[in-house]
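Student: My questions all concern the structure below.
The values are calculated or read from the model by the stated rules, or taken from the named source; none is laboratory data. All figures in this text were calculated on a predicted structure; none of them were measured in a lab. We place every Cβ from the backbone using ideal geometry, glycine too, and count neighbours over all the protein chains shown.
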Amino acid sequence: MAWVTSSAWRCSAPSPAIPGDGGPRPDRHQCNRDTRRSPGAAAMIIVVSGPGGVGKGTVVRRLIAGDPGLWLSRSWTTRAPRPGEASDAYEFVTRSRFEQRIEAGGFLEYAEFLGDLYGTPVPEDVDGSDLLLEIDVQGAAQVAERYPEALLVLLVTPSDEVQRQRLEARGDTPDQVARRMAKAAEEIAAATALGAHVVVNDDLDDAVAELAAVIDAARRSR
Ligand code: 5GP
């Protein structure tokens, strides 16, 4: 298992294209000092991805609560908060503020997902913990490209029907449910191609335990 060191934490590639956004952003990656140095000396990068409704947030919250060695990144998004969503679920920002941060090289990765931008700010204070990212598969692919030994995990629901029920239960509109369901098949194929570990979130306790075991195995092998 490789570690995120100052030398590994480099920024040699142009800003990634925003998939679905008409191609590459203007070439303004300019890799500033903040993106070159280690993000507060993070140890391992762990990426948890999965289709909408799979319960990533719940699984990740449980995992973090039981593992002080994990540091969860808080993403930026241009999406509006959902009714009842915690105000700190994301850094909710305007599109222009998000784009300013892209221009400044302030994201580790970012992607457009169903019309909104989501991104991981370059972390500053990980301080020896393992950096946990809960991001979509496009973002996972960017992380894998820059840090090939990052640990990739794909959470899936036991069936499409369960996914649909979970999306409806959290208040997605019928249109949002349809779009997220259609996107899911694409995401699962892409994550599988990246070699992600697949964890089925049927029973929450089991899913958390399995994810913890995958992380534990990765830590032991480093
Ligand atoms: P939601 O709108 O349901 O909160 O998130 C939509 C998708 O964006 C989910 O797959 C979620 O994991 C992903 N996402 C959240 N934060 C980030 C991020 O920082 N970067 C990327 N690439 N995807 C993110």
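Student: Which is near the ligand (Cβ under 8 Å from one of its atoms) and at pLDDT below 95, of G84, G50, G40?
Tutor: Details: G84 fails: near the ligand (Cβ under 8 Å from one of its atoms); G40 fails: near the ligand (Cβ under 8 Å from one of its atoms).
Going through G84, G50, G40 in turn, the sole match is G50.
Student: For the range 56-76, name all the residues that are part of a loop (DSSP other than H, G, I, E, B), within 11 Å of the ligand (Cβ to nearest atom) and surrounded by fewer than 16 Cβ atoms within 10 Å (Cβ to Cβ). First the steps, then the outcome.
Tutor: Quick first cut of the range 56-76, residues part of a loop (DSSP other than H, G, I, E, B) only: 66-69, 73-75.
When the remaining residues are screened for being within 11 Å of the ligand (Cβ to nearest atom), the result is 73-75.
The answer is R74, and nothing else.
Student: Before we move on, is L108 out of contact with any Gly (no Cβ under 9 Å at 6 or more places or on another chain) and surrounded by 15 or more Cβ atoms within 10 Å (Cβ to Cβ)?
Tutor: no
Student: Further, regarding this structure: Return the total of residues in the range 98-109 being assigned to a loop (DSSP other than H, G, I, E, B) and on the phi < 0 side of the Ramachandran plot.
Tutor: 2
Student: Could you identify the single residue in V199, V214 that is assigned to a strand (DSSP E or B) and in contact with a strand residue (DSSP E or B) (Cβ under 8 Å, 6 or more places away or on another chain)? Quick ask: steps written out before the conclusion?
Tutor: Working: V214 fails: assigned to a strand (DSSP E or B).
After applying the criteria, what remains is V199.
Table: residues versus (1) farther than 21 Å from H197 by Cα; (2) β-branched (V, I, T).
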{"position": "D88", "(1), (2)": "yes, no"}
{"position": "E103", "(1), (2)": "yes, no"}
{"position": "Y110", "(1), (2)": "yes, no"}
{"position": "G115", "(1), (2)": "yes, no"}
{"position": "I135", "(1), (2)": "no, yes"}
{"position": "A140", "(1), (2)": "no, no"}
{"position": "L154", "(1), (2)": "no, no"}
{"position": "R164", "(1), (2)": "yes, no"}
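Student: When you look at V162, is it more than 12 Å from the ligand (Cβ to nearest atom), part of a loop (DSSP other than H, G, I, E, B) and of a type in the set (A, V, I, L, M, F, W, C), yes or no?
Tutor: The answer is no for V162.
Student: Moving on to the next point. State all residues of the range 110-143 that are assigned to a strand (DSSP E or B) and either touching a Lys or Arg at 6+ places or on another chain (Cβ under 7 Å) or within 11 Å of the ligand (Cβ to nearest atom) (or both); if no residue qualifies, say none.
Tutor: Within the range 110-143, Y110, A111, E112, F113, D116, L117, Y118, G119, T120, P121, L133, E134 qualify.
Student: With respect to P148, is the statement that it is assigned to a loop (DSSP other than H, G, I, E, B), surrounded by 21 or more Cβ atoms within 10 Å (Cβ to Cβ) and in contact (Cβ under 8 Å) with a residue 60 or more places away in the chain true?
Tutor: No.
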